[in-house]
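One structure is given here, and the rest of the page talks about it.
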Amino acid sequence: MAKKVGICRICTLTKALSKEHIPPRNAYNSEDVILSKPDLQSFDPFVNWKKRIIQGGYSEFVICESCNNQTGTWYGREYGTFASSCVSTANESNLKKTVPIVIPKLMPLRVYKQALTTICASAKPDFSRRLDLVVGKNPNDWGVIKPKEAKDLSLISKTLPDIQKFILDKTANKPAFSVRLFTYLVAEESRGRMSGYSKQGSKSTGKLETIAEFARWPVGWVLVFDGEPKPPLCEVSGWSNYEYDETATISLNIPCYSIKSAVPLDFGRLS
Ligand SMILES: [Zn+2]
């Protein structure tokens with residue numbers, strides 16, 4: 001398998017990175033995927049965005065082989081179970097609806113930790129996504145915040161090492177760091193979005209939120225560092241309190257959205 005040397009986004013060591021699927025291939029990440037990217041050359045990058053079709057699922061050189069193998073072995077299979085439980089409801093007939101899902105047997109801590117792994121692997125740790133520095137028009141009054149506020153992502157740099165440690169400690173639960181994890185269904189097959197770490201806010205109230213988002217049909221994840229995400233989402237923060245081997249029946253009311261652009265949490269007009 002092809003390799004290159006770089007900083008692993010999980011253990012933060014400089015090592016040979018291998019090209020790995022994010023999320024794991026068993027979570028429906030082996031088919032072609034369309035990733036959205038803003039067209040920054042255009043008049044309004046929030047309206048015009050480029051589609052990038054990635055064949056064979058999304059993969060990148062971002063984590064080392066050992067982190068990939070460990071997290072894949074510990075959490076990957078259960079994540080696949082969760083993803084497959086969402087498949088039959090993640091479709092356009094449920095768009096903008098909140099749908100009930102019951103999963104009779106799931107090990108929630110493992111899914112939670114794979115979701116964190118996927119978010120950390122997909123988000124650039126140097127916060128270098130250009131989107132962070134762009135402000136666009138938006139119909140819902142919220143959007144990525146510009147200048148000073150957007151650059152202050154110190155909360156993320158402070159919390160990230162604890163998240164990484166938590167991921168690499170197989171049985172660790174009940175994390176001491178305070179983040180909230182939310183999920184939603186992606187309506188269109190082959191759609192995905194990697195928003196990276198970003199800060200958003202309301203132009204009218206000035207309220208800010210610091211988040212990281214990753215979506216790949218059939219599910220999307222939003223990690224909230226502070227603030228309250230505006231679109232309704234399904235919170236699964238409590239999954240971090242389960243034991244590694246603990247199985248539970250999970251009932252969720254989960255919203256189903258269409259990924260409309262590269263802007264974090266942009267699901268188009270919600271009403
Ligand atoms: Zn690593």
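Values quoted throughout were computed directly from the atomic coordinates according to the rules given, and no laboratory measurement underlies them. Computed from a prediction, not measured in an experiment: that's the story for all the values here. Neighbour counts run over all protein chains shown; Cβ positions are idealised from the backbone, glycine included.
Of note:
- DSSP-loop chymotrypsin sites (Phe, Trp or Tyr not before Pro) across segment 161-191, with at most 16 other Cβ within 10 angstrom: Phe177
- Links that overshoot a 27 Å alpha carbon limit, given the list Lys165/Lys230; Lys105/Lys199; Lys165/Lys207; Lys4/Lys165; Lys170/Lys260; Lys230/Lys260: Lys165/Lys230; Lys105/Lys199; Lys165/Lys207; Lys170/Lys260
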